[in-house]
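K.L.:
Would you mind keeping the following structure in view while I ask a few things?
The values are calculated or read from the model by the stated rules, or taken from the named source; none is laboratory data. Everything numeric in this text was worked out from a predicted model, so none of it was measured. Cβ: placed from backbone, ideal geometry, glycine included. Neighbour counts: every protein chain shown. Ligands, DNA and RNA are stripped out before the accessible areas are found, and what is left, the full protein with its side chains, is counted by its heavy atoms. Shrake-Rupley method; radii C 1.70, N 1.55, O 1.52, S 1.80 Å.
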Amino acid sequence: MPTQQQQQQQSGESVLHVQELAERALAAVDAEMALLDSNPDGESLQAEDTNSNNTMMTFYEELVKGPGPAKVVPSDKVMGDRDNNTTTPKHTPVLLQRSPTPIMSNSSSSLKNMYQQYTPNDYDGYDDYDTNNVDTAMAMDTEPAPVETPMLQRNSPFYNQQQQQNAPQTTTARMFANAAMAIPSVVPGSPSLNEDSFKQYYNSLLDYLHLQRRINRQQQLVKAEDRLTGTLTDTTTTTTTASLSTGLVPPLSDQNTQAQVAFFKDLASHCYHMATKDSKLIEEGHMWNLLAHLRSLGMDALLWADDSSSTVQNETFVDMELRRITNQVDATSKEIYDALSSSKCMPLRRIQRLVDWAQSCVGRESKSIKEKLPQPTSWTTPPVDLTRIDTPQNTDPRIKILMQVCLHEILQGNVKEACRLAQAHGCGHMTIAWEGGQPHGYEINADHKAQLVRKKEIGNERRFLWKYMNGTTGRQSLERSKGLQQNSNSTLLEDSAMRTILTNDFQSSLQNPVINRSWTKSICVILKGGWERVVDEALHRHNTNRRRRPGPAYPGTQFEKQELALLEMSKELAGMKGSQITALLASTTAATSSKQSDFDERDVFSYKSSIMAFIVGKSALYNLCTNYCSKFLQTFKQDFLGRDTGDDDQAIQLLRFMTHLLLYLDSIDLPVNDLTVQKNAVLFQYVTYLNSRSDLRDMLALYVSFLPDVTILEFYPTILAHISNLAERKQVLDQIHDLMPTLMLPLLRKVVRILLGTTTSLQYGNDLDHIKCNSIQWLLQRDEHFGDALICSNIYMRQLLLDDDDDKIDVAMDFLDSYLPSDLVLQVQDLQEHNPVIANEAGYLDRVKSATVEHQAFGDYLDAYRAFGDFKDTLDDALSNITRNVAADLSNLHLGDSNSNSKSHPLSQRDWVRQMKELVANVADAAGKARVALYKVLAHPGGWLSLDPTTDTDKSSSGASEEQRRQQDLEKIRARHLVVAVGLYHQVCQDAAMFMSRVLDNAGTFGLDRNEVLPMLDYEVSKGLEESKSTVAPSYWYNHAKNLINIVANDAYGIHTVFPHWELTELLRKIADMVAEELLNNP
């Protein structure tokens, strides 16, 4: 890292290098002037002119290629080197890092064509802006290639390294939230803060992001083609293959410029439109308007280098350009002016563009006064002597309005329009004081019909004399007006302002109340004066060169005294530095302290401070992005967030403006320390505000996508967890997939776990079980997330099975039946080999496999529980039928002959056997299904829910913690529900045996023996099946009950390891009771 002394030494060497080159070029110019002096007759000096121009061009080239800081291109190479077109940035701008797939805009507005030309009819707010400025700027000076922004995957080591560098010191959203506090959830009353207003910003940003990523993809295609062909393509002139056949698509660098200019114009147009309802937004419109004007010239004009070395370079460039232009002695003043206006010198072009911007701002603010001007048809004979317009007798308010309108037209550079308006309203004599400032020359008109070329003289040979005299009159009018301020309709101030503006007496103009009461008019006067200073200096040099030439005097060169006086009067504008403009505005503010509110900058941040930062250059931008932003955030938190009501609309407007400005600066990789940190802090406040308003929450995803990954994963899931509407959830999922696809799965994992981990229903709704069941739907919208849906469903199943307060078995069964796909496990198994997450996340496949086994184990247990419930229902129905039928048969027997034996009732026996056969079959079937289902749980290979010791688990801290909790929960579930399953198995066998014994016992009522009725109830027994294998025989169920001891004791199933001692003792007692019961029932 060079020391401050070394940096100063390098800067001094750069300045000496510039001065040396300048002296060589100036020597060539002086030599040419000597040749002019030696040729009084004006002989051809084309060869000498060529040599001089070559020397100056060599100066430009060497200066650009000079050592270190002396280069005219920014040292940070934000947009690449103009000479070699290198475009590799230091790191990929955050704005373009998110999505490897095209953005799918969900905005209501259609995306503007990136090649569309804006016209005044199409774009409100640019009536005075040249719609061809962008194309003209590109034609004059090719923009360097746009910043290369490869869309890196988030698992890239390079990306992760940059994320760590750009991540804020506080790595959790909770810390952000503590610092940001909570924005009041109040919808402001200002129309500029309604939903449509925010939607315009949202759509503009989304469209800009779409265009930038489209350009980025084209760059990647070009680079891929270069790798295949082994060539190096110039991206400043590269177009796609399709564009070569149509000729419609400009080079990539021009596309990048057009995309950014379109972004600024969209925002400016929106602000100007909303300014009709909220006048505060007109300044924000001016700010975006300024960025559109400067960016159309190129990134160098927008991010202006204002360090000492660059200042020397720019001054030298301007001086050399003026020497080159004014060297044409025989050229007219108009030709000199035209050459100056069309110069390719960047400092001069930037001054012109700033003047264009200021004049367009004045034109925007003048619409209200122009609407008050009466139509010429309604203008009657003036009630006063208009020849004495500068006297206090002229108090007609219509004259006042006319003068104000003409003043605005002159500020906008429309002198001809001002004259036309005055003449149309019967005040044409006023124009005498307004015309005469045009440079002298000729206008060539070709008359094709007469085959002649007509040469028309225009302009004023006595231009400097006219400016000198008119300026004197303007200052006199200003002095006379000081005693007439009580007369509100006096036009002396307007008359003085127009005269001093036209004569470039900016000091008198700034002292005029009609100018200094408006910040826009003041800066327009200063910027316009800076350009007029350049014009006056060029014409003075041109006249000086003419006066040095022997021979007859050129017309208009006799006013050297007036020329020097005018240059002396505007010497403060020489060089036109941004610091000069700031100082002049500050002095104007101090002189008009009573109207200081129009210059108020809120002490920390304002639209004006942002405008001045871009006018001044990079040093002011650095201060804006660091100190100003920090102070604004502090003020925002103290003054706005500390209140009970969020009624400070201006604070929210500034927050919205700062958010979009910093997002843009971050996207172009502006080399400012802590810019990303400041952007994240401001953006987090903006996101918090959007979340506080339900009508703005559909815009959250776009702005959240620009936050650091850590903040997104900590903050955004807490918002998503409150979304229960299916349509809204689907919209958000589509936005996340388009804007931050690499974070989609981690986000959804966090959302589901938040919902599953909540313990109160007040925060998310009344039915907490329904919310938790429905939470898995976040992971069931895309096939590649099914594995995580399975893992999270198991988390919820463990919660249900371990609930100590309520029996949640029914909820668990409903969850599997109603909220999860019936073939979820099959789909997960089919997708395991195709899931892209598996290849990038260690241990994911093992976790999915383990979750599949766990899910199947839960399913088996719930199936067994459901089968047991079906068995109990079937058994209850059968017992009620037996009781009812036996009672009816006994009644029939008592009504008959008491001495007749049972053989006399064959119909009753057959009916009973038929009914019992059906009941026994139903009970045996239900009991068999329940027993088999329970046996499947108890005799699960390796043990039900037993953990595989070879399973690879997540080694991350969060993953290890979750896996550890999972193991503990599974052990608790085994200990609780295996005991329950054993008890259910025993109960099925016992109840089935008792039912079969009761049926056989009831056979005696109808005169049937137990051994006789068994073949009647089971056809297989009649064919030789052993009684112990018949499901109708009680012994069949007794044997299975006794075998339960072997199942529990089997080490392969591990049931006895989780059985408490007293439970095991109770089980043995129950088995012993069943054995005794079997002996009693089957003697």
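K.L.:
Give me the one-decimal nm value for the distance between modelled label points at T626 and N725, 7 Å along each residue's Cα-to-Cβ direction.
P.N.:
Between T626 and N725, the simple spin-label model gives 4.5 nm.
K.L.:
What spacing in nm lies between the two simple spin-label points modelled at R965 and E784, each 7 Å away from Cα in the Cβ direction?
P.N.:
2.7
K.L.:
Please work out how much length the chain gains when fully extended from N1011 to D338, using 0.36 nm per residue of separation minus the C-alpha to C-alpha distance, in nm with one decimal. The partial results should precede the final answer.
P.N.:
Working: separation 673, 0.36 × 673 = 242.28 nm, distance 12.55 nm.
In short, 229.7 nm is gained.
K.L.:
Grab the beta carbon distance between T718 and K972, set R0 = 25 Å, and tell me the FRET efficiency rounded to 0.05.
P.N.:
The pair T718/K972 has a calculated efficiency of 0.30.
K.L.:
Taking a cut-off of 17 Å between Cα atoms, list the lysines near K561, but don't count ones fewer than 8 places away on the same chain.
P.N.:
Once the sequence-local lysines are set aside, what remains near K561 is K467, K571.
K.L.:
Just reorder T883, T635 by solvent-accessible area, largest first, 1.4 Å probe, all chains present.
P.N.:
In descending accessible area the options line up as T883, T635.
K.L.:
Roughly speaking, what % of Cα-Cα pairs in the range 757-825 are separated by over 15 Å, rounded to a whole number?
P.N.:
Every Cα pair in the range 757-825 considered, those over 15 Å come to 53 percent.
K.L.:
Still on this structure, please answer the following. Assuming R0 = 35 Å, can you tell me the calculated FRET efficiency for the pair D877 and E195, based on Cβ-Cβ distance, to the nearest 0.05?
P.N.:
Once the sixth-power term is evaluated, E becomes 0.05.
K.L.:
By the gyration tensor of its Cα atoms, with a ≥ b ≥ c the square roots of the eigenvalues, what is the shape of the range 661-800: rounded for a/c under 1.5, prolate for a/b over b/c, or oblate? Before the final figure, lay out the partial values.
P.N.:
Details: a/c = 2.30, a/b = 1.88, b/c = 1.22.
Prolate, since a/c reaches 1.5 and a/b exceeds b/c.
K.L.:
When only C-alpha pairs under 8 Å and at least 6 residues apart count, what is the relative contact order of the range 273-362, in percent?
P.N.:
Value for the range 273-362: 35 percent.
K.L.:
Out of the total accessible area of the range 674-747 (probe 1.4 Å, heavy atoms of protein only), what percent is carbon and sulfur?
P.N.:
Values: 1130 of 2080 Å².
Exposed carbon and sulfur together represent 54 percent of the surface.
K.L.:
Subtracting the Cα-Cα distance from 0.36 nm times the residue separation, let me have the gained length for T758 to L831 in nm, one decimal.
P.N.:
Full extension of this stretch gives 23.2 nm more.
K.L.:
Let me ask another. So if we plug the beta-carbon distance of M469 and A446 into 1/(1 + (r/R0)^6) with R0 = 35 Å, what FRET efficiency do we get, rounded to 0.05?
P.N.:
0.45
K.L.:
How much net charge surrounds R420 when only the other residues with a Cβ under 13 Å from the Cβ of R420 are counted, with Lys and Arg +1 and Asp and Glu -1? Mind dumping the intermediate values first?
P.N.:
Numbers: positive: K416; negative: E409, E417, E435.
With Lys, Arg at +1 and Asp, Glu at -1, the net is -2.
K.L.:
Sticking with this structure for a sec: Just grab the label-to-label distance for K482 and R910, each label 7 Å out from Cα along the Cβ direction, in nm (one decimal).
P.N.:
That separation, rounded to one decimal, is 13.6 nm.
K.L.:
Now for a different question. Calculate, in nm to one decimal, what K280 and K1042 gain on full extension: separation in residues at 0.36 nm each, minus their alpha carbon distance.
P.N.:
265.5 nm
K.L.:
A further question follows. Local charge sum around Q653 (other residues, Cβ-Cβ under 11 Å, Lys/Arg +1, Asp/Glu -1)? Spell out each step's value before the answer.
P.N.:
On the way: positive: K280, R656; negative: D278, E283, E284, D648, D649.
Charge balance in the 11 Å sphere: -3.
K.L.:
A further question on this structure: What's the percent breakdown of Cα-Cα distances in the range 516-567 across 10 Å bins, shortest bin first?
P.N.:
23, 38, 22, 13, 4, 0
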